[in-house]
Amino acid sequence: MIKAKMQLVALSVTAALTFFGSDINAFAASNNKVSDVMPQAGFTYALGDNQVSLSSLQQSVEAEKTQTENSSTSSTSSDKVDLSDAVTDITPLASTVRDSVLSDIQNATGAVIKNTKNVAAEATAESSEDSEEELFKSLVIAKVTNYVNVRDIPSEEGEIVGKLYDKSVGTYIEEQDGWYKIQSGSVEGFVKAEFCVTGEDAVELAKEVGTRIATVTTTTLKVRNGAGLDAEVIGLVPIEDELVVEEELDGWVKVSIEEGDGYVSTDYVTLSTEFVKAESKAEEEARLAKEAAARAAANKAAKSSTSKESGSSNYSSASSFTTATSSIGSAVAQFALQFVGNPYVYGGTSLTNGADCSGFVMSVYNNFGVSLPHSSGGDRSVGAAVDGLANAQPGDIVCYSGHVAIYIGNGQIVHASTAKTGIKVSNADYRTVLAVRRIF
C-alpha cells in the first residue's frame, strides 16, 4: 500500500511543477554598460526587482489526504515535506538539494505540489532521491545567453509581455505548437520550447539554478574550521549578512567567507535559496527608471559633495581625484587605492585606523556623497546590476559570499580583506563573484 501511495504522490508532484525557458531574443551587453537584462538578486531585507525571496513568500501548501477505507486498521501516516526552510544569484554551487529547495522552486513560480504531506515515513532515502529526480525531469529551464521574450500568444508576432532570464524559474501550464505557456512571477505567456532544457538534461541543471544562502540571525556569528563548537574560529560575520552555502550537514552548514571555507551552526542562520524569475515589461521599465534616478542622484551628490578629509594629511581628498576627463568611478577607485596597507578591523569604518570589507566600501563612497549600507549582503542590491565581471568598470562594487570590494580595473579589486592581510589589491576572480553593482 505504501509503495502504491508513493507512486501516486510522485506522479502528482511531477505533474504540478515546472521551470521553463523561451524564445531567444538575447541581447549582447556591451563591454562597458550596465546590464538592463539581468537584474541582480536581492535579499530578504533588500530585494532586487526581478528576484523573489521565498522566505517572505512561504505559503502553506495544503495536501490532499488519501484515505483507505478498506483497511482493517485505522492507523494513518501523514509525514510531510518540510516547507519551513525558505529561499532567494545566480552563481551555482554544489550545495545539497533538499526538500526545502523543491518548496522554494514552487513558491518562486507559483506552482503547487499536491499530496506532499502524504509522503510515507517508511520511504527510503533511495526512493526519495528517485522522486526528486522525477520532479526535476518535469521542469523546463531557460538556457540562453541573457533572456528570452515571453509573448501573449504562441507566435513571434505576439506582443512581448515580459522577459525570462537564463536559468529562470517558471511553471508549465500547457504546450501549443512548439511553445510553452508559462507563469513566472507576475508574468504569464508563451515562450519557445526550443530554447529550453527539460527531461534528463534538466536534472543536473535544476540543482544549480538556485543559490543556497545562509542569513545570519545573531549579532556576531563565529565561523569555525569544523562542524562543532570545539572547532577553531576562523572568522566573524555580522547580523543580516548572507553567506553562500556549499554543503548542508546535521545542524551545521559549510559556508564561504573571506578567510576561507568554514562551518556555522544552523541555530544562528536562516537558510534560503535565490532564484531568478521572469520580469514583466512594466517591472523592467520601473526598475530601469529607478536605477537611472539613483545614478543621477549619486552623480549629483558626488559633484556637490564638500571635500571630506581622510583623517590624515598623508591622504588626498576625494575631490582631488575628480577631473573633467575622468569618470567618477575611476576617481572612486583611485581614492580607495590610497589606503592599501591599512588595517582590517571587524566592524570598523575608518579608512586609516581600520575597516572591515563593507565598512571600507561604505567609507570610500561616503567621501563621494553616497551612503551605502554597512553590509556586504546589502551592497548586492545597491545601484544598478552589471552583466558580469567582464563588463565591470573602475569604481563598481564587486560582491562575494560574505565579502565586498571595489573594482579598480584590469581585472583587479581593492578591498579590506582579513585581519591578517588588511586592505590590499587582489585579482577580482580570486573567488566566485556573486554580483557586480554600479553606483555611477
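The values are calculated or read from the model by the stated rules, or taken from the named source; none is laboratory data. Computed from a predicted structure; not experimentally measured. Cβ atoms come from the backbone with ideal geometry, glycine included; neighbour counts cover every protein chain shown.
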Checking Ile239 against (1) crowded, with 16+ Cβ neighbours inside 10 Å; (2) more than 30 Å from Val191 (Cβ to Cβ), which test does it fail? (1)
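Yes/no per residue for (1) touching a Pro at 6+ places or on another chain (Cβ under 8 Å); (2) closer than 30 Å to Ala142 by Cβ; (3) of a type in the set (Lys, Arg):
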residue	(1), (2), (3)
Ala294	no, yes, no
Ala297	no, no, no
Ala302	no, no, no
Ser319	no, no, no
Ile328	no, no, no
Ala333	yes, no, no
Leu337	no, no, no
Tyr344	no, no, no
Ala384	no, yes, no
In segment 343-373, which residues are in a helix (DSSP H, G or I) and out of contact with any Gly (no Cβ under 8 Å at 6 or more places or on another chain)? Cys357, Phe360, Val361, Met362, Ser363, Val364, Tyr365, Asn366
May I ask you to list the residues in segment 244-265 that are under 25 Å from Val169 (Cβ atoms) and at pLDDT 95 or above? Val253, Lys254, Val255
Which of the residues spanning segment 260-279 are within 14 Å of Ser401 (Cβ to Cβ) and surrounded by fewer than 20 Cβ atoms within 10 Å (Cβ to Cβ)? Gly260, Asp261
Surrounded by 17 or more Cβ atoms within 10 Å (Cβ to Cβ) and more than 28 Å from Phe440 (Cα to Cα): which single residue out of Leu249, Leu229, Leu221 fits that description? Leu221
Please tell me if Ser376 is part of a loop (DSSP other than H, G, I, E, B) and either among the acidic types (Asp, Glu) or under 21 Å from Ile257 (Cα atoms) (or both). yes
Within the set of pairs 6+ apart or on separate chains, which have a first residue in segment 342-365 that is over 10 Å from Gly422 (Cβ atoms) and not assigned by TED's automatic domain parsing to the domain that holds Ile423, a second that is modelled with pLDDT of 95 or more and charged (D, E, K, R), and C-beta atoms under 7 Å apart? none
Six or more apart or on different chains, Cβ under 6 Å: which pairs go from a residue in segment 393-411 that's under 13 Å from Thr432 (Cα atoms) to one that's surrounded by fewer than 24 Cβ atoms within 10 Å (Cβ to Cβ) and hydroxyl-bearing (Ser, Thr, Tyr)? Could you list them? Ser401/Ser256
Regarding Gly341, is this residue at pLDDT 90 or above and not β-branched (Val, Ile, Thr)? yes
If we keep just the residues of segment 156-187 that are under 22 Å from Ala282 (Cβ atoms) and among the polar types (S, T, N, Q), which is modelled with the lowest pLDDT? Thr171
State which residue pairs qualify: first residue outside any strand (DSSP E or B) and inside segment 164-177, second residue modelled with pLDDT of 80 or more and of a type in the set (S, T, N, Q) in any location, beta carbons under 7 Å apart, and separation of 6 or more residues or different chains. Asp166/Thr145; Asp166/Asn146; Ser168/Ser184; Gly170/Gln183; Gly170/Ser184
Being outside any strand (DSSP E or B) and farther than 21 Å from Gly210 by Cα is the filter here; which residues of segment 142-163 pass it? Asp152, Ile153, Pro154, Ser155, Glu156, Glu157, Gly158, Glu159
The strands (runs of 3 or more DSSP E) lying entirely within segment 189-279 that contain at least 2 residues which are small (Gly, Ala, Ser) are 260-265
